[in-house]
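The values are calculated or read from the model by the stated rules, or taken from the named source; none is laboratory data. Bear in mind the structure is a predicted one, so any value in this text is a computation, not a measurement. Reconstructed Cβ throughout: ideal geometry from the backbone, glycine too, with neighbour counts over all protein chains shown.
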Amino acid sequence: MTLKEIAAEAGVSISTVSRVIHKSAKSSASKEVQERIWEIVKRTNYIPENSSKSPGESTVPSSAEPLHSIACLFARVPDGESDYFFATLARNIEREAFRHNYVLKYTFSAFDIDDPVTLQMIATNEVDGIAVLGRCGKPLLKFLKQHFQYVVYTGLNNPDAKYDQIICDGEQISYDVVTYLLNQGHKKIAYIGETVNENRYLGYCAALSNAGIPVEEKYIADITQSTEEGYKGACRLLDSHCDATAFFCADDLTAIGAMRAIQEHGLNIPRDVSLASIDDIDMAQYLTPMLTTVHIPLEEMGRMAAKILIDRIEGGHEKHIKVLFPYEIIERQSTAAPLNTPEVKK
């Protein structure tokens with residue numbers, strides 16, 4: 001496959017394909033065009049051209065320049081490709097690696113590690129390094145250390161491990177979202193999401209504690225984060241006559257399920273109850289009402305994870321690196337001051 005052939009199939013110019021693949025600052029291609037180009041690249045196993053070649057020449061690497069490879073581990077979900085957060089990270093890791101003449105050879109989940117086929121694949125792996133997406137415990141970290149020489153972690157938690165880390169601090173994010181709700185005048189704030197070893201839950205607890213508000217079990221729905229579980233968690237709280245004036249969900253998919261439950265219980269968002277979450281998936285701005293959430297720079301985090309991993313593989317650095325990314329609360333229509341309560345000035 002050549003740039004010319006990719007351009008013909010995508011219906012764009014060769015220069016557009018080149019700018020998208022090599023992430024040129026001059027690229028003005030729409031997101032839809034970029035996605036179409038990358039789909040063709042992935043489907044056809046296109047290999048990056050050597051810089052000395054001109055567009056359209058053979059893309060088969062020479063024996064002097066072998067193609068390198070990496071892997072991705074989804075540490076928290078059985079199927080990372082169906083999870084927006086982790087799929088976005090993996091997609092951008094793959095694309096950035098591609099630009100450095102690396103390919104994503106395979107992906108697997110921590111839930112598959114006991115499977116004989118997966119174990120055999122890992123035992124005989126020929127990848128140069130691995131990117132770990134999401135929080136993982138000490139047994140898994142020990143396993144990775146035994147089988148992979150170069151490891152980078154990316155996610156919302158701060159693992160206690162001597163690996164390069166690309167992080168957006170989930171605990172601080174949650175603290176800020178709950179503080180935002182407190183500043184609107186909410187005192188009874190429910191939490192829907194995971195609680196065990198979860199930074200987002202710790203941030204929720206810390207924000208309430210700092211405001212002098214006790215963390216009460218009646219406001220907590222400990223669920224596995226998903227749309228279905230978010231729905232069930234919110235129903236469980238509402239059916240038990242929870243009097244929360246705001247619901248904080250650990251991610252947007254959970255919030256979507258919670259939103260349906262709240263509305264089915266005859267409550268209006270945000271007149272009767274506010275709703276906020278984390279991720280800022282595309283769908284968040286098309287919900288009714290539009291969802292207040294936190295934008296996490298997943299694309300940039302994925303690209304940085306690939307760059308740091310490749311730099312480590314190629315001997316570019318020896319000390320462990322931790323990169324902390326910023327985030328932004330995106331205020332939309334799903335949050336407001338509770339009825340008859342004046343908004344607290346920030």
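Restricting to the stretch 241-295, and then to whatever is assigned to a helix (DSSP H, G or I) and of a type in the set (V, I, T), can you tell me which residue is nearest to S226 (Cα to Cα)? Among those residues, the one meeting the criterion is T254.
Scanning the stretch 260-291 for residues that are under 22 Å from A87 (Cβ atoms) and out of contact with any Cys (no Cβ under 7 Å at 6 or more places or on another chain) gives I278, D279, D280, I281, D282, M283, A284, Q285, Y286, L287, L291.
With the requirement that a residue be in contact with a strand residue (DSSP E or B) (Cβ under 9 Å, 6 or more places away or on another chain) and either of a type in the set (A, V, I, L, M, F, W, C) or not assigned by TED's automatic domain parsing to the domain that holds A261 (or both), what does the stretch 186-227 give you? Result: I189, A190, I192, V196, C205, A207, L208, I213, V215, I220, A221, I223. All conditions but one from (1) closer than 24 Å to V103 by Cα; (2) among the polar types (S, T, N, Q); (3) surrounded by fewer than 19 Cβ atoms within 10 Å (Cβ to Cβ) apply to Q165; the one that does not is (3).
Determine whether V117 is hydrophobic (A, V, I, L, M, F, W, C) and touching a Leu at 6+ places or on another chain (Cβ under 6 Å). No, not satisfied.
For (1) under 27 Å from the mean Cα position of the chain (by Cα); (2) of a type in the set (A, V, I, L, M), each residue gets a yes or a no:
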residue	(1), (2)
I213	no, yes
S240	no, no
A250	yes, yes
Q285	yes, no
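Residues considered: I278, I310. Of these, the only one that is assigned by TED's automatic domain parsing to the domain that holds E194, in contact with a Gly (Cβ under 8 Å, 6 or more places away or on another chain), crowded, with 22+ Cβ neighbours inside 10 Å and touching a residue at least 12 places away in the same chain (Cβ under 8 Å) is I278.
Residues in the stretch 205-259 that are touching a His at 6+ places or on another chain (Cβ under 7 Å) and free of Cβ contacts under 8 Å to residues at least 40 places away in the same chain: L238 only. With a requirement of 2 or more residues that are under 26 Å from L141 (Cβ atoms) and at pLDDT 60 or above, the helices (runs of 4 or more DSSP H) lying completely within the stretch 1-99 that satisfy it span 84-99. Pairing residues of the stretch 117-136 that are surrounded by 15 or more Cβ atoms within 10 Å (Cβ to Cβ) with residues that are small (G, A, S) and modelled with pLDDT under 70, at Cβ distances under 9 Å and at least 6 apart in sequence or on separate chains, gives L133/G80; G134/G80.
Residues in the stretch 203-216 include none that are surrounded by 21 or more Cβ atoms within 10 Å (Cβ to Cβ), within 28 Å of L287 (Cα to Cα) and touching a Lys or Arg at 6+ places or on another chain (Cβ under 6 Å). Residue selection: I167 satisfies the criterion of being within 17 Å of C72 (Cα to Cα) and out of contact with any Lys or Arg (no Cβ under 6 Å at 6 or more places or on another chain). One residue stands out in the stretch 322-346 among those that are in a loop (DSSP other than H, G, I, E, B), among the hydrophobic types (A, V, I, L, M, F, W, C) and exposed (fewer than 15 other Cβ atoms within 10 Å of the Cβ): the one that is modelled with the lowest pLDDT, namely V344.
The number of residues in the stretch 126-167 being modelled with pLDDT of 90 or more, outside any loop (DSSP other than H, G, I, E, B) and among the aliphatic types (A, V, I, L, M) comes to 8.
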